[in-house]
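Structure first, commentary second.
Every read-out reported here was derived from the displayed coordinates using simple, explicitly stated rules and does not represent laboratory data. All of these numbers come straight from a predicted model, not from anything done at the bench. Neighbour counts are summed over all protein chains in view; Cβ atoms, including those assigned to glycine, are modelled from backbone coordinates with ideal geometry.
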Amino acid sequence: MAEVSIDLNMVRVTNEDFVKKAEACTPELLKTVVRPVSIVDIVKTEEVYPEVHKKDEIKNLSGYHLAKGDKICLDFGNHQVGYVTLKLNSVGSPQDAPAFFRLKFGEIAKEMTEDSADYDGWISRSWIQEEFIHIDVLPAELKLPRRYAFRYMEIEAIDTSMKWQMVVEDVFCTSVSSVRMEDVKLVESKDEMIRRLDRVSLRTLQNCMQTVFEDGPKRDRRLWLGDLRLQALANYETFHNMELVKRCLYLFAGQTKDNGQVSACLFTEPKFIVDDTFLLDYSMFFGAALCDYYEASGDKETVKDLSACAYRQMEIAKEQFDENGLMKNGDGFWGFIDWTEGLNKQSAMQGVYIYCAKKVQKIAELLGDTEKAEELKKRG
C-alpha cells in the first residue's frame with residue numbers, strides 16, 4: 001500500500017495578495033452540450049479488452065422500454081468531462097412504484113464490464129462512477145450534481161413494477177473545460193498513429209484544464225505541483241493558456257507551511273486550502289515551473305512576486321544535505337520520484353535539486369540578484 005501524509009497539526013500561512021491574484025485569473029469554464037452518438041453492446045472476449053458493437057441509432061433511444069433487469073449502454077463518441085442530464089418518462093399503466101435504476105460511467109469499454117463490488121484497492125471506492133437513483137414521479141428531468149469523466153454510460157433498471165416501464169427520452173452531457181480543441185493546430189504527420197496520439201493527448205490535457213490543472217478529471221481532481229509543471233509545458237505548445245498557469249502558481253505560493261514550504265497539492269473547493277502533503281521534489285519544482293512560465297510568457301512581474309517563494313524551496317532542500325554536499329535519503333513520504341516501495345531516492349532527489357537549482361538560478365539572474373544566482377550556481 002502506498003504511503004500517505006497526514007499532519008493535523010500543520011500550521012498554514014496565507015498570503016492574501018497572492019490568493020487575490022490567483023482568484024483574478026480564475027477562468028470561466030466553457031460549456032458544450034454533447035449527446036450520445038449511438039446505442040452499443042459491450043461484449044467480453046478472451047482478450048484483455050472487450051468488443052464494442054453498435055446496437056442501434058441514438059434516435060431510437062425512446063423506443064427502449066426498460067423493465068426490471070433491462071439495461072442500455074450509450075456511447076458519447078469521445079471522452080467527456082461534465083454534468084449529465086436525463087429526461088425520463090414511463091409507458092404502460094400509471095406509475096405505481098418508484099423508478100429504481102443504476103447509472104454507470106466508464107472512460108473505456110473495459111470499465112463497463114467490471115463489477116464495482118469486486119474492487120478492493122487502497123484508493124477510495126467512492127471514486128467509482130456509479131449512482132443508484134430512485135425517482136418517485138415520472139416524467140422527470142434529472143440533473144446529476146456530480147461531474148463525471150466518461151465516454152460510455154449504462155442505464156440499468158433495477159426495478160419499476162409489473163405495470164409500467166421506464167423510458168429515457170433524452171440524455172446529454174454539459175462538458176466543461178477552460179480551453180477549446182478548436183484553438184489548437186493538430187500535429188502534421190503522415191503517420192496515422194502519431195496523429196491519433198496527438199488528438200488523444202490534446203483531449204486529455206483539455207479535460208484536465210478546469211479552474212486549475214487537475215491531476216485527473218475522473219479521480220483526485222486536485223492540483224498537484226508535479227503534474228502542473230508537466231501540464232504547463234504541454235500547454236505552452238498547444239492551448240497557450242498562460243492565465244491558468246499563473247493562477248496555479250499564485251495558489252501554491254498563496255498558502256504555505258509555516259516554514260515557507262510549498263505543499264505538494266491543494267484544493268479549491270469548498271474553499272481554497274493546501275493539503276498536508278509535502279514532497280521535497282515537488283516543492284523544488286515550484287521554481288522550475290515558475291522559470292518555465294516566464295520563458296513561455298515573458299511575465300516578469302509574476303516572477304518577481306513569486307521569486308522569494310522559489311528561493312525558499314531551494315533553501316529548505318539545502319537543509320537535507322550532509323557534510324559532503326549530498327542529499328540525505330529521507331524516511332517516509334518525503335519525496336515522490338516513484339511509488340515503488342523500498343526505493344532509495346537519494347540520487348534521484350540529488351538530480352532534481354541540481355535541475356531545479358539551475359532553473360531558479362535563471363530567475364535570480366533575470367531579477368539581477370547576483371548573490372542568490374552565485375549561491376545557486378555553486379550548488380547546481
Query - Dipole magnitude of the stretch 26-69 about its Cα centre (Cβ charges: Lys, Arg +1; Asp, Glu -1), debye to nearest 20 - result: 280 debye
Requested in this report: Could you work out how far apart the two model spin labels at residue 32 and residue 190 are, taking each label as a point 7 Å from the Cα in the direction of the beta carbon, and quote it in nm?
Outcome: 3.1 nm
Report summary line: Looking only at aspartates and glutamates whose Cα falls under 20 Å of residue 163's and that sit 8 or more positions away or on another chain, we get 70, 96, 136
Query - Vicinal HN-Hα couplings computed from phi for the stretch 121-134 (Karplus, 6.51 cos²θ - 1.76 cosθ + 1.60; Hz; Gly/Pro x) - result: x, 7, 6, 4, 5, 5, 7, 5, 8, 8, 10, 10, 10, 10
Report task. Would you tally the net charge around residue 360, using a Cβ to Cβ cut-off of less than 11 Å, leaving residue 360 out, and scoring K and R as +1, D and E as -1? Result -> +3
Query raised in the report: So what are the stretch 2-83's ellipsoid semi-axes, whole angstrom, largest first, if each one is the square root of 5 times an eigenvalue of the alpha-carbon gyration tensor?
Result: 45, 22, 13
Query raised in the report: Given a cut-off of under 8 Å on Cα pairs at least six residues apart, what relative contact order in percent is computed for the stretch 28-112?
Result: 32 percent
Query - Loop trypsin sites (Lys or Arg not before Pro), the stretch 304-343, which have at most 15 other Cβ atoms in a 10 Å radius of their Cβ (DSSP) - result: 328
**Report entry** Three principal axis lengths of the stretch 327-374 [C-alpha, angstrom, descending]
**Finding:** 43, 16, 15
Query raised in the report: How large is the convex hull of the Cα atoms of the stretch 235-374 per residue, expressed in Å³ as a whole number?
Result: 132 Å³
Query - GluC sites (Glu not before Pro) restricted to DSSP loop in the stretch 92-140 with at most 16 other C-beta within 10 Å - result: 114
Query raised in the report: How big is the equivalent ellipsoid of the chain along its three axes, where each semi-axis is √(5λ) from the Cα gyration tensor, reported in whole Å from largest to smallest?
Result: 47, 22, 20
Query raised in the report: How far is it, in nm, from the label point at residue 162 to the one at residue 116 when both lie 7 Å from their Cα along the line to the Cβ?
Result: 3.1 nm
Query raised in the report: Where in the chain lies the longest segment free of chymotrypsin sites (Phe, Trp or Tyr not before Pro) that are both loop residues by DSSP (not H, G, I, E, B) and have at most 12 other Cβ atoms within 10 Å?
Result: 123-338
Query - Cβ-based net charge around residue 285, under 11 Å, with every Lys or Arg adding one and every Asp or Glu removing one - result: -1
Query raised in the report: Relative contact order (percent) for the chain, with alpha-carbon contacts under 8 angstrom and 6 or more residues of separation?
Result: 18 percent
**Report entry** Rounded to whole Hz, the Karplus (6.51, -1.76, 1.60) HN-Hα couplings of the stretch 40-51, x for glycine and proline
**Finding:** 10, 10, 10, 10, 5, 10, 6, 7, 5, 9, x, 9
Query raised in the report: GluC sites (Glu not before Pro), restricted to the stretch 170-229: which are DSSP loop and have at most 12 other Cβ atoms within 10 Å?
Result: 188
Query - Rounded Å value of the spacing that divides the Cα centres of the stretch 346-380 and the stretch 175-231 - result: 30 Å
Report summary line: Relative to the chain, whose Cα atoms define the longest principal axis, helix 280-297 and its Cα axis are tilted in degrees, nearest 10, by 90 degrees
Report task. Taking amide H positions as placed in the peptide plane 1.01 Å from N, state which residues far from residue 38 in sequence (5 or more) or on other chains have amide H under 5 Å from it. Result -> 75
Query raised in the report: Which far-off residues, 5 or more places away or on another chain, put their amide H under 5 Å from the one on residue 279, with H placed in the peptide plane?
Result: 264
Query raised in the report: Taking the stretch 158-276, how much of its Cα-Cα pair set, in percent, is spaced more than 23 angstrom apart?
Result: 46 percent
Report summary line: With label points set 7 Å from each Cα along the Cα-to-Cβ direction at residue 267 and residue 347, the distance between them in nm comes to 3.9 nm
Query raised in the report: Which cross-chain or sequence-distant (5 or more) residues have an amide H under 5 Å from the amide H of residue 158, H modelled 1.01 Å from N in plane?
Result: 69, 100, 101, 102
Query raised in the report: When Lys and Arg each count +1 and Asp and Glu each count -1, what net charge do the other residues less than 13 Å away from residue 144, Cβ to Cβ, add up to?
Result: +3
